[in-house]
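Notes follow the structure.
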Amino acid sequence: MESGNLKIGMAAEVVAVVDDKLIVKHVGGDGVLSTPSMIGLMERAGIQAVQAHLPAGHTTVGFEVNIRHVAPTPKGKKVTARAELTAIDGRKLTFKVETHDEDKKVGEGTHRRAVIRPKKAE
């Protein structure tokens, strides 16, 4: 299956403010950005980087994350997750992903997605 008009270097960013939906509270204070929330933002950035360039009727699904959460981000701070397409292997895509808050890098790693054509609901 062809991967559409995808090219190495395609990238996108997702920006969010750390709010009650994105935090864990068990670490004290008002809470900090949770690792699953950070990964979700990274995945969304990967989707946005390539979705408009896929063949009609296709999308991507995540199948691998290799992420390090390296620093806390308190509730109320803005975070930016960025994904850059670094490899295309048939329908498998690899992204370099990073998340930064207003002051520092908070996460980094790789994320892999597969190009699929979902079955239509019957």
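Computed from the coordinates by the stated procedures, all read-outs in this text should not be read as laboratory data. The structure presented is a predicted model; accordingly, all values stated were derived computationally and were not measured. Note: ideal-geometry Cβ built from the backbone for every residue, glycine included; neighbour counts use all protein chains shown.
Summary value for the chain: 32 percent relative contact order, contacts being C-alpha pairs under 8 angstrom separated by 6+ residues.
Largest mean-square fluctuation among 81, 52, 11, in a Gaussian network model of the chain whose springs join Cα atoms under 10 Å apart, belongs to 52.
Using Cα atoms only, what is the angle between the long axis of helix 35-50 and the major principal axis of the chain, expressed in degrees (0 to 90) to the nearest 10? Between the helix axis and the principal axis of the chain, the angle is about 30 degrees. Positive-end ranking of 74, 45, 116 along the dipole of the chain, with charges on Cβ about the Cα centre, is headed by 116.
Our helix-only sum for the chain, with -39,500 (n - 2.57) per DSSP H run of n ≥ 4 divided by its residues, gives a mean residue ellipticity at 222 nm of -4500 deg cm²/dmol. Taking Cβ atoms as reference points and 9 Å as the exclusive limit, the residues near residue 99 contribute a net charge of -1, counting Lys and Arg as +1 and Asp and Glu as -1.
Let a ≥ b ≥ c be the square roots of the eigenvalues of the Cα gyration tensor of the range 20-77; is it rounded (a/c under 1.5), or, if not, prolate (a/b larger than b/c) or oblate? Prolate, since a/c reaches 1.5 and a/b exceeds b/c. When the Gaussian network model of the chain links Cα atoms closer than 10 Å, the mean-square fluctuations of 25, 96, 105 top out at 25. Over the C-alpha atoms of the chain, the Rg to Rh ratio, Rh being the Kirkwood estimate, stands at 1.04. Amide H contacts of residue 73: 33, each under 5 Å away and 5 or more positions distant or on a separate chain (H built 1.01 Å from N in the peptide plane; Pro and chain starts excluded).
Between 62, 40, 90, the GNM of the chain built on Cα springs shorter than 10 angstrom shows 90 fluctuating the most.
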